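Working notes, beginning with the structure itself.
Read-outs throughout are calculated quantities, based only on the coordinates presented, and are distinct from any laboratory measurement. Remember, predicted model here, so these are calculated numbers, not experimental data.
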Amino acid sequence: MAAAARCPSVSARCRVYLFKECHNEPMKQADQETAGGVILVITRKVLPGSETAYEQWVRKVSDVERSVPGFISREDIPPLPEGQDWHTTVLRFESRELLDAWTESESLKGLLDEVEPLCCNVARSQIEPGFFGWFPESESPGHSGPPTWKMTMSVVLALYPSVFLITLLITNGLDLPFPLKLLIGNILAVSCVSWISMPLCRRLLGSWLAPASACPIRTSVLGAIGITAILLVLLWIFMQIPMG
C-alpha cells in the first residue's frame with residue numbers, strides 16, 4: 001500500500017483535537033488537575049523493522065516542538081507487551097489556535113513526510129475535559145478558556161447553594177423513596193446550575209475565569225481565596241437553618 005494511501009495529508013492527519021511541565025514523561029497527578037488548553041492524541045502502528053528509525057524520528061520531532069509557540073508537553077507511550085501494538089503520542093498546547101498553527105506548518109508537514117514510510121493505521125481521538133459546557137471558550141485569539149481548577153471551584157460555588165436550597169425547599173418535603181428523591185434533586189440541581197447559578201457565577205467571577213496566561217497569579221490566588229471564603233460563609237448560614 002502506498003504511503004499516500006496510509007497517511008493522506010497533513011490536514012487530515014492533524015485535524016482532530018482533544019481537550020498541562022514535563023517532556024516525554026507521564027503526566028503527573030498535579031498536571032492532570034491543572035491541565036488546560038488543547039490536546040492532540042495520535043496513535044500509530046510502526047511497521048516491523050522500523051522501530052529504531054521511528055524512535056529516532058520521535059527524538060527529532062520532540063526537539064523541534066520544544067521551540068514551537070504554545071507547546072506545553074509531549075508524551076510518547078510505547079506499545080505494551082500484551083495486546084497493544086501501537087505507539088501513542090499526546091501533545092498539549094496552550095490553545096487550539098496555536099495547535100492549528102503547528103499542525104498546518106511546513107515544518108510539521110516535512111516531519112510527517114519522514115515518518116510516513118515507517119508506520120500505518122494512523123488514528124486520532126477527541127475529548128473535552130473539565131466543565132467546558134458551562135464555560136464558553138475565550139473569544140481572545142490564542143486562548144481556550146479557564147484552567148480546570150478554576151472551573152471546578154466555580155462549579156462548586158454554583159452547585160453548593162443550589163443543592164442545599166433544592167433539598168430544603170423541595171425534595172425534603174416529598175414523600176417518595178430516597179432514590180427517586182435523589183434523582184429529582186439531581187435533575188433540578190443540574191438544571192439550576194446550567195441556567196441560573198452558573199451564569200450568575202460567571203458574571204460574578206468575570207476576568208478571574210480568564211485563561212491562565214491572561215490572568216495574573218495574584219488575581220488567581222485572591223479569587224480562589226474569595227471563593228473559599230464565600231463557601232465558608234454559605235456553610236455557616238446553612239448550618240443555622242433547621243433541616244427537620
Legend entry - Equivalent-ellipsoid semi-axes of region 148-239, from the Cα gyration tensor, Å, largest first: 30, 14, 9
Inset, instruction - Before anything else, pin down the relative contact order of region 148-239: Cα pairs under 8 Å, at least 6 apart, normalised by residue count, whole percent. - result: 37
Inset, instruction - Compute the separation of the alpha-carbon centres of region 175-237 and region 60-123 and state it in Å as a whole number. - result: 37
